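Just below is one structure, and these are the notes that go with it.
The values are calculated or read from the model by the stated rules, or taken from the named source; none is laboratory data. For clarity, every value in this text was computed on a predicted model and none was experimentally measured. We place every Cβ from the backbone using ideal geometry, glycine too, and count neighbours over all the protein chains shown.
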Amino acid sequence: MLKNAIYFVMIIFLTPCILFSETHVGGEIEGEVVWDVDGSPYIVDESITFGEDGADLTIEAGVTVQFTDFTGIYSEYGGSVTAEGTPEDSIYFIPTPIDARWSGIKIHTIPSSGSFDYCYFYRSFGHHESDPTLTGFYSSFELKHSTIRDASLLIMNCNLSSVIEDCLFTGLILNGIVAYVREDSITVRRCVFAANSGWGYGVISTYKGIIDHCIFYNTRCATGTRNTPGGTVTNSIFYCDEYREHAAVSSYPLIVSNNCVYNRADIISNEMEGVGIIDCVNANGDSTDRFGNMLLDPQFVGLIDSVYIYDVDYIYPDSYCLTEDSPCIDAGDPEADPDPDGTCVDMGPFFFPQQNISVDPDTLEFTGIQTG
């Protein structure tokens, strides 16, 4: 994923440089519609709406979409939005002017699908702070390698098996990824949720979702219900910049294991046998409960000098990486596939690469060598 500072430099300076090729769009579309880089930026003067037969909108890598006056992309008749960028050419969804707002992308009714990769969404909270950035997509939904910044409600999940991976959610977050359908099994993996307050907002609410290798900075999550426990929370880090009374995980999950919690009152809000009872020691020699959860400072690279990790000046993902003394290294689920360096998985989305070659500079030993 591109780094946070690069995003903002591009947003601010890209716009005036490419006005000569701008394309103004708005109103109803139908059939297959492609927004290519030659027409970028696309200025949405009036909200895009899909016709009664739906539409399939494809936005190519490198395109910038600028929304005016609370406009957005809507459908009550199904359809699809495909916006798949690349590491070199992200797709930008931003308001114009840059300090304005836009109203998100909402594709309702079956069939409806969305696929977003290497996308950047900024200030998409519409007329109301409860307006989500992405809503609907009942048939299928994937969001990968993307950033949503300054959006109070991130995603209203209407699909049973949505996949959200390798994403950054930061800035104004009052609510997050909310399951709109019961019995969902959403997967959220290797994501960072960084809110700009320590109020302890729940940024994921799912019934049977999988939450794995994530970072929750000043945020928390919930899964399962009293009548239907469900969901797993594993290999994740919950960090607050100051002590908060809210537990890291609320509601009724089935599994809470191998997580690191710091500056929170507890690991889980409801009683779950053995969770939060620190009476064991892991392979690193750190104190844990019997499920590998620990109450320790994860020791991020970026959390220094009282500067908040979500600030624009911080570079993503470097600030969220682990230092060499972090207790999260090799503290993940020992049954999971190893990290790329062959060691036990680390907690959080970014593993700490360990040297697997050891050399004693004072000793040089040759064996099995014939001379003469």
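Out of F93, F125, F169, F121, I need the residue that is assigned to a strand (DSSP E or B) and either in contact with a Pro (Cβ under 6 Å, 6 or more places away or on another chain) or more than 17 Å from P41 (Cα to Cα) (or both). Which one? I'd like the intermediate steps shown before the answer.
Values: F93 fails: either in contact with a Pro (Cβ under 6 Å, 6 or more places away or on another chain) or more than 17 Å from P41 (Cα to Cα) (or both); F125 fails: assigned to a strand (DSSP E or B); F121 fails: either in contact with a Pro (Cβ under 6 Å, 6 or more places away or on another chain) or more than 17 Å from P41 (Cα to Cα) (or both).
After applying the criteria, what remains is F169.
Please count how many residues of the stretch 263-289 are hydroxyl-bearing (S, T, Y), surrounded by 15 or more Cβ atoms within 10 Å (Cβ to Cβ) and farther than 22 Å from S205 by Cβ.
Quick first cut of the stretch 263-289, residues hydroxyl-bearing (S, T, Y) only: 269, 287-288.
So of that shortlist, the ones also surrounded by 15 or more Cβ atoms within 10 Å (Cβ to Cβ) come out as 269, 288.
So of that shortlist, the ones also farther than 22 Å from S205 by Cβ come out as 288.
Of the residues in the stretch 263-289, 1 are hydroxyl-bearing (S, T, Y), surrounded by 15 or more Cβ atoms within 10 Å (Cβ to Cβ) and farther than 22 Å from S205 by Cβ.
Would it be correct to say that P349 is modelled with pLDDT of 60 or more, assigned to a loop (DSSP other than H, G, I, E, B) and under 21 Å from A195 (Cβ atoms)? If you could, list the steps in order and put the result at the bottom.
Values: modelled with pLDDT of 60 or more: yes; assigned to a loop (DSSP other than H, G, I, E, B): yes; under 21 Å from A195 (Cβ atoms): yes.
Yes: the conditions hold for P349.
Condition test on F8, is it under 21 Å from the mean Cα position of the chain (by Cα), aromatic (F, W, Y) and at pLDDT 95 or above? Working first, answer last.
Values: under 21 Å from the mean Cα position of the chain (by Cα): yes; aromatic (F, W, Y): yes; at pLDDT 95 or above: no.
Criteria not met by F8.
Only one residue in F300, F291 is among the aromatic types (F, W, Y), touching a helix residue (DSSP H, G or I) at 6+ places or on another chain (Cβ under 9 Å) and at pLDDT 90 or above, so which one is that? Before you say what the answer is, go through the steps one by one.
Working: F291 fails: touching a helix residue (DSSP H, G or I) at 6+ places or on another chain (Cβ under 9 Å).
Of F300, F291, the one residue that is among the aromatic types (F, W, Y), touching a helix residue (DSSP H, G or I) at 6+ places or on another chain (Cβ under 9 Å) and at pLDDT 90 or above is F300.
Among the residues of the stretch 239-254, are any at pLDDT below 90, under 18 Å from the mean Cα position of the chain (by Cα) and of a type outside the set (S, T, Y)?
yes
Can you tell me how many residues in the stretch 19-50 are of a type in the set (G, A, S), at pLDDT 95 or above and surrounded by fewer than 14 Cβ atoms within 10 Å (Cβ to Cβ)?
Final tally of qualifying residues: 2.
Right, P111: surrounded by fewer than 19 Cβ atoms within 10 Å (Cβ to Cβ), without any contact (Cβ under 8 Å) to a residue 24 or more places away in the chain and over 17 Å from G26 (Cβ atoms) or not? Steps first, answer last, please.
Numbers: surrounded by fewer than 19 Cβ atoms within 10 Å (Cβ to Cβ): yes; without any contact (Cβ under 8 Å) to a residue 24 or more places away in the chain: no; over 17 Å from G26 (Cβ atoms): yes.
No; evaluated as a whole, the condition is false for this residue.
Kindly list, by first and then second residue, each pair from a residue in the stretch 204-220 that is at positive phi to a residue that is of a type outside the set (D, E, K, R) and in a strand (DSSP E or B), limited to pairs with Cβ atoms under 8 Å and residues at least 6 apart or on different chains.
Partner pairs satisfying both residue conditions: H213/T234; N218/A194; N218/A195; N218/Y201; N218/Y239; N218/C240.
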